[in-house]
């Protein structure tokens, strides 16, 4: 028998050879292959007899299998064992104390097992050679044994995601530690001192119940790069010495009870990237030197008692992407450079005392601006048309005046526009057809006059409309009745005539108050009955209108007959010439021509519109088979950008084949227009089923009724979309990053099979590149990974984050841009997760009574893992797909 043995059955039945939460925690030993379903029944672990034959073993890896049963106590006989990996199995017995006999053990990885709730044995303290301990999510409870103080060789400790409670062992930070991960437990008491582990690089004690102050000794850790203490109950002031640390890159202490001023040296001595101190009780000013290292990407300091002015240095910080200073007492004007700093994407400064005027230009990538509840004044500049990437603009309760400029209607990406509580006058902009994505419009409590633009009633996604407390007149556009908005307030105006019949119900009982001349045909709403108020003038107007209409029809008929024969031949010639200017490039065998497509690009066939084009449903033959045609906008201002999007989509979709990726049939192009022709997906996009109105038009007179998706269907959709992304990331000859993964880009066929669509933002990556630098930050607000907002260096983990958002949408039923408590869906889900509330409370109310709660909770947890802030701690799409299969294998096979 040899003197050394190496034994590995790791991932014998699964696709992943490394753990689900690999990140920076384990040495990378990836060896991915094609995924297969787990066997049934699950195999038992090695028997005691076999264990006794392996006494010379030095390396044992049985991770990522489906082992069940007990870990045999005889494992303690492997006296030469140095490395033991047993992560991600289904062990359900007790934790053997005999592991403490493995005196030569250096690496122990037992994460992600289904142990019954159990304590860490005191015998772990006997592993004096142990340098690496990885037991995240192992269902541990009770206290961390004091015997851990004996682990003199320990460098990497990860006990995160358990139910550990009580104090941190008193001398833990006197060990030879470099990485400590104790986050998401129930630990209490103070952070222990002394702190003598001078080689510490990362400390994460977040999401616990720790009290007391932050140790002064943390300011001596010269290699400390990452300090996470958020979501605890820490008090006292920040040690000034932390601001002097030369390696500090990320500093996160938000959601505590910290007081005092922020150390003024922050950022002066290190290349600080992330600075999050929100939801504390800090006072004084922001440090002047946060961006001195030239690497600052985020300043999140909202909900404190900060005062003074914003440091002018932030206006010169080109790396800055996120600024959140809302809910403070900061005053003065915003540094001019901050409005236009090169990469800024989010600016949230509401509920302060800022003054000044809006700039003529904004940062090219700015997608969210929240300046509500301040003292800004003047007019919205006409150059607002150049703020092209703006998604959310909240400017409520300021001192703005003048008219709302017509140019604001050019912002086609807007989803939220809040201008209420100002001094705007004049009429509302009328040409608002480009606001196709708008969900919330609030211009209440101003001095607006004139009629409500009829185009408001044609906005497809408008859910919240508040025009109250103005001087608006005329009738209510009928289209608003067809919208049936969730929130509607037209009260305190001068509106007249009938309210749309669809709004005559108790849901809108208070929507029309203080409009003296409004009435209703069926007075459920408390308004006068229109039928009792017929006026002679109305009858006269009707007769005059009939005469004019009849006369107009006769003249029109005469003109048509006269011109018909002249125009007919001319139109035929022009049509032939028109077809000759188009070029068709096919990727599949087609049973239609470009003529079938071009002659049907009419408004009657329009089914959708987005930032880069319109989408039509076109019937191509007598069998009523349909295709979806995406027509790229031909605005000259956007030609270069959209031509790149077109080429990217054609290059990618024309070259790949997968059942979970939408099929590109052909492309049709001319000098000034480009068309992409796809297979038509009968059930449209996932977001319409999760968040759309109950009735929605498909095309023409067709309509679809959106029922509540049951859980098996949702899981089927999640698995299908994951298979598509997994193919893109891991199986394509050249890997693909989608960059705009969201529920509206997951299309559903007649059987609710998911297919990923809209690759206009996708980019090819070379096989040997770990990341790719994007010249622009694209994507959708609410689905973007945080590093995507911070840096243009992106890899496949941005898609993993966005897919995690989709999973959270599936289990909660909420939209990605959920605005509860000023949080999007990810923030809201993590907030709920960190408070350790029952997970069932966060699930979709429509499905809470189903028999699939266990599966839903598993998918919720996968969504949480996918949306971790650090890209390295997120799973790959192979691991995500494996986990989804594991939720309920019969759905995934």
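Things worth noting here:
- Packing, as the average of other Cβ atoms within 10 Å across residues, places the peptides 461-473, 89-101 in the order 461-473, 89-101, highest first.
- Separation of alpha-carbon centers, region 145-192 and region 285-339, rounded to whole Å: 35 Å
- In region 804-859, the inverse of the mean reciprocal separation of distinct Cα atoms equals 11.4 Å; this is its Kirkwood hydrodynamic radius.
- Inverse of mean 1/r across different Cα pairs in region 290-426, Kirkwood, Å: 15.0 Å
- Binned Cα-Cα distances of region 275-331, short to long, each 10 Å bin given as a whole percent: 26, 57, 17
- Kirkwood hydrodynamic radius (C-alpha pairs) into Stokes-Einstein, region 324-365, 37 °C and 0.692 mPa s, D in µm²/s: 300 µm²/s
- Kirkwood hydrodynamic radius (C-alpha pairs) into Stokes-Einstein, region 186-300, 25 °C and 0.890 mPa s, D in µm²/s: 176 µm²/s
- Highest-first arrangement of 204-213, 510-519, where packing means the average Cβ count within 10 Å: 204-213, 510-519
- Note on region 98-206: Rg/Rh from C-alpha atoms, Kirkwood Rh, equals 0.92.
- Mean Cβ count within 10 Å, highest first, over the residues of peptides 159-170, 735-746: 735-746, 159-170
- A simple spin-label model places pseudo-atoms 7 Å from Cα toward Cβ; at residue 143 and residue 516 they are separated by 7.7 nm.
Bear in mind that the values in this text are calculations on the coordinates, not laboratory data. The model shown is predicted, which means the values in this text are computed figures rather than measured ones. Counting neighbours? That spans all protein chains shown, and the Cβs are built from the backbone with ideal geometry, glycine included.
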